[in-house]
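Following: one structure in structure tokens, then a few remarks.
The values are calculated or read from the model by the stated rules, or taken from the named source; none is laboratory data. Bear in mind that the values here come from a model prediction, so they are computed numbers and not experimental data. Methodologically, a virtual Cβ is constructed for each residue, glycine included, from the backbone with ideal geometry; neighbour enumeration extends over all protein chains shown.
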């Protein structure tokens with residue numbers, strides 16, 4: 001999927017996220033929601049460009065879907081920043 005990276009709003013915002021489309025978020029919740037961990041998170045393997053790492057997606061009340069945090073190391077390696085369209089894939093892991 002391809003989405004626009006955003007900076008989480010707030011006074012000390014420095015968390016960058018990619019949104020998961022609502023349709024995909026509903027599918028994920030229906031299939032895997034019962035496995036949710038703290039804060040409703042679900043573990044995933046993410047691929048952006050040549051970078052692959054494990055993290056979690058988190059429910060987003062505003063969109064009714066999930067958001068994917070993208071750490072600084074990945075943003076630097078893949079040369080991506082807030083406002084850019086980013087192609088990525090996620091795979092739920094156990």
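Look at (1) within 13 Å of residue 21 (Cα to Cα); (2) touching a helix residue (DSSP H, G or I) at 6+ places or on another chain (Cβ under 9 Å); (3) buried (at least 16 other Cβ atoms within 10 Å of the Cβ) and you find that residue 80 fails only one, number (1). Exactly one residue out of 50, 76 is over 18 Å from residue 2 (Cα atoms) and at pLDDT 95 or above: that is 76. Scanning segment 30-40 for residues that are in a loop (DSSP other than H, G, I, E, B) and either at pLDDT 95 or above or over 14 Å from residue 60 (Cα atoms) (or both) returns a single hit, 37.
Each residue in segment 7-21 was checked for being crowded, with 16+ Cβ neighbours inside 10 Å and assigned to a strand (DSSP E or B), and 4 of them qualify.
Out of curiosity, is residue 65 under 13 Å from residue 19 (Cβ atoms) and surrounded by 12 or more Cβ atoms within 10 Å (Cβ to Cβ)?
Details: under 13 Å from residue 19 (Cβ atoms): yes; surrounded by 12 or more Cβ atoms within 10 Å (Cβ to Cβ): yes.
Yes, satisfied.
Exactly one residue out of 47, 4 is loosely packed, with under 13 Cβ neighbours inside 10 Å, within 13 Å of the chain's Cα centre (by Cα) and in contact (Cβ under 8 Å) with a residue 40 or more places away in the chain, and it is 4.
I'd like to know if segment 79-87 contains one or more residues that are at pLDDT below 95, in a loop (DSSP other than H, G, I, E, B) and more than 17 Å from residue 13 (Cβ to Cβ). No - not one qualifying residue is present in segment 79-87. Across segment 58-78, the qualifying residues are those that are touching a strand residue (DSSP E or B) at 6+ places or on another chain (Cβ under 7 Å) and part of a loop (DSSP other than H, G, I, E, B), and the one among them that is farthest from residue 29 (Cα to Cα) is 70.
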